[in-house]
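Below you'll find the structure, written out as structure tokens, and then a few comments.
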Amino acid sequence: IRDRDGHRCQYTGKPAPDGNVDHVVPRSRGGRDTWENLVWSSRKINSKKGNKLNEEVGLKLLQKPRVPGEQPFCATVKPEHDDWQMFLHD
């Protein structure tokens with residue numbers, strides 16, 4: 001979810017490296033753990049939202065959550081060392 005959403009809060013568009021996953025429709029209200037119901041959110045926004053629907057707290061998603069496209073495994077490798085760069089392709 002974090003990678004799909006570019007490490008940005010899907011409500012503010014701001015970087016949220018320490019954010020967390022938000023259920024658009026909360027589990028307590030029947031929301032499921034699906035790509036289409038999960039977004040990356042800042043902790044502050046997610047705490048504000050709690051178990052409410054976006055409309056109830058005046059939040060709007062910047063984009064509709066979606067199932068990510070397929071990627072080759074090597075696209076998910078995050079290099080820990082600069083000397084790995086020669087093995088990774090953009």
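Observations on the model:
- For the range 55-71, filtering for residues that are under 14 Å from the mean Cα position of the chain (by Cα) and more than 13 Å from Arg2 (Cα to Cα) leaves 4.
- For the range 7-15, the condition holds for at least one residue, the condition being that it is open to solvent by 90 Å² or more (accessible area, probe 1.4 Å), modelled with pLDDT of 95 or more and under 10 Å from the mean Cα position of the chain (by Cα).
- Counted residues, the range 16-43 - those being open to solvent by 50 Å² or more (accessible area, probe 1.4 Å), under 15 Å from Val57 (Cβ atoms) and assigned to a strand (DSSP E or B): 0
- Of all residue pairs spaced 6 or more apart or on separate chains, those with beta-carbon atoms under 9 Å, a first member in the range 27-54 that is over 21 Å from Gly6 (Cβ atoms) and a second member that is open to solvent by 30 Å² or more (accessible area, probe 1.4 Å) and among the small types (Gly, Ala, Ser) are Asn51/Ser28.
- Qualifying residue in the range 1-12 (condition: of a type in the set (S, T, N, Q), in contact with a helix residue (DSSP H, G or I) (Cβ under 7 Å, 6 or more places away or on another chain) and in contact (Cβ under 8 Å) with a residue 12 or more places away in the chain): yes
The values are calculated or read from the model by the stated rules, or taken from the named source; none is laboratory data. Source: prediction; values computed, not measured. No Cβ is skipped: glycine too gets one built from the backbone with ideal geometry, and neighbour counts run over all protein chains shown. Please note that ligands, DNA and RNA were not included when accessible areas were found on the heavy atoms of the full protein model with its side chains. Shrake-Rupley method; radii C 1.70, N 1.55, O 1.52, S 1.80 Å.
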